[in-house]
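Each remark here refers to the structure printed beneath this line.
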Amino acid sequence: MELNSLRQFVVVARLEHLSGAAEELRVAQPSLSRTIARLESELGTPLFDRSGRLRLNDTGRLFRDHVERALGELDAGRRAVAEAASEGVGSVRLASETFLTLTGPLAAYKRAHPTVEVELRWAPAEDMARHLRSQDVDLCVASQPIPAEGLESAELLDEAVGLAVPLDHPLAGRASVSIEELADQPFVSAGRGHWQRRLLDRLFAARDLTPKIVCEVDELSAIAALISAGLGVGLVPAFARSSSTRVPAAWVPVDSPDCRRVVTLYWGAGSHLSTAARLMRTTIANWNWITGEPQEQR
């Protein structure tokens with residue numbers, strides 16, 4: 001099998017859309033269709049269901065996982081050779097659901113290692129384990145659990161998540177608020193799949209309630225600003241209260257022991273990490289989230 005064909009298959013499998021994949025790969029769609037057909041012929045089985053929209057089938061998902069790992073190993077080998085040949089520290093690729101929490105350690109890392117190439121990627125938590133096992137990225141930071149098979153991890157931060165409300169809101173100044181009291185409140189929330197939205201849905205579902213979401217945003221940094229503007233209320237982690245970009249809003253503790261987030265750093269068990277990636281892992285894992293400064297290594 002040609003490497004180029006396998007790389008093209010991975011893009012089609014990710015997008016499940018031939019014309020979109022052809023546009024991303026900058027190849028003609030008929031040529032891409034023939035490439036996928038040749039792969040299926042060589043394997044002796046379809047990789048996609050074609051009834052209606054193109055969908056990766058169970059066999060296709062199995063093959064995709066093996067192809068991603070194989071391509072990841074080749075890329076890791078290339079990067080390892082480049083690092084050895086240049087006698088440098090290499091580069092590092094970090095994926096996260098949000099980088100707002102990581103601005104402190106990332107800034108410290110770049111000050112200490114200004115020549116290192118740092119690649120930041122947004123990724124949903126459900127895709128992180130696959131990206132790490134395929135060595136598509138070196139490190140991931142998630143605010144919700146991800147499948148840990150084949151991965152190692154370090155817990156970074158375990159913190160309360162509270163309710164942010166406008167300063168003139170009736171709940172502002174309260175010592176705490178229950179989930180039941182929030183049943184009719186308008187919520188500003190992140191999109192489905194994000195840790196913040198999953199926490200909100202989980203807290204309400206446990207009480208047979210459904211949150212009233214009036215504003216769903218992908219730009220997470222805008223949530224607090226929209227709350228401050230009076231569009232609604234929302235769940236905000238304690239860490240955000242000390243953020244340099246904090247906007248005027250009141251933060252009220254939620255009367256539920258489950259209203260928390262645990263931020264965890266993940267990397268592939270046994271995978272080759274460049275010197276740059278190992279240095280970033282150390283910087284993030286040993287960051288003091290209370291003072292916003294490095295702390296002694298652990």
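Throughout, read-outs are computed from the coordinates displayed, never taken from laboratory work. Being a predicted model, the structure only gives us computed values, none of them experimental. Cβ placement follows ideal geometry from the backbone for every residue including glycine, while neighbour counts extend to all protein chains displayed.
A few comments on the model shown:
- Modelled this way, with points 7 Å down the Cα-to-C-beta line, the labels at ASP201 and GLU119 are 3.0 nm from one another.
- Shape summary: region 252-298 maps onto an equivalent ellipsoid whose semi-axes, from the alpha-carbon gyration tensor, are 29, 16, 7 Å in decreasing order.
- Gyration tensor (alpha-carbon) shape descriptor, region 159-260, a/c threshold 1.5: rounded
- Judged by the mean number of other Cβ atoms found within 10 Å, the most tightly packed of the peptides 30-41, 46-57, 265-276 leads the ranking 265-276, 30-41, 46-57.
- Footprinting exposure proxy for VAL12, VAL214, VAL252 (fewest neighbouring C-beta atoms within 10 Å first): VAL214, VAL252, VAL12
- Neighbour counts of other Cβ atoms within 10 Å put THR282, THR101 in the fewest-to-most order THR282, THR101.
- Phi angles of region 263-276 translate, via the Karplus equation with coefficients 6.51, -1.76, 1.60 and θ = phi - 60°, into HN-Hα couplings of 8, 10, 9, 10, 8, x, 5, x, 7, 6, 10, 5, 4, 4 Hz per residue; Gly and Pro are given as x.
- For region 49-171, diffusion coefficient by Stokes-Einstein and Kirkwood Rh (Cα), 25 °C, 0.890 mPa s, µm²/s: 139
- Per residue, the convex hull spanned by the Cα atoms of region 3-65 measures out at 77 cubic angstrom.
- Mean ellipticity per residue at 222 nm, deg cm²/dmol - from DSSP H runs of n ≥ 4 across the chain, formula -39500 (n - 2.57): -12000 deg cm²/dmol
- Computed over the chain: relative contact order in percent, which uses C-alpha pairs under 8 Å that are six or more apart: 21
- Packing-based ranking, highest mean first, of 107-114, 164-171, 228-235 given that Cβ atoms within 10 Å are counted: 228-235, 164-171, 107-114
- Per-residue 3J(HN,Hα) values for region 206-219, derived from phi via the Karplus relation 6.51 cos²θ - 1.76 cosθ + 1.60 with θ = phi - 60°, read 5, 10, 6, 10, 10, x, 8, 9, 9, 8, 10, 10, 9, 8 Hz in sequence order (x marks Gly and Pro).
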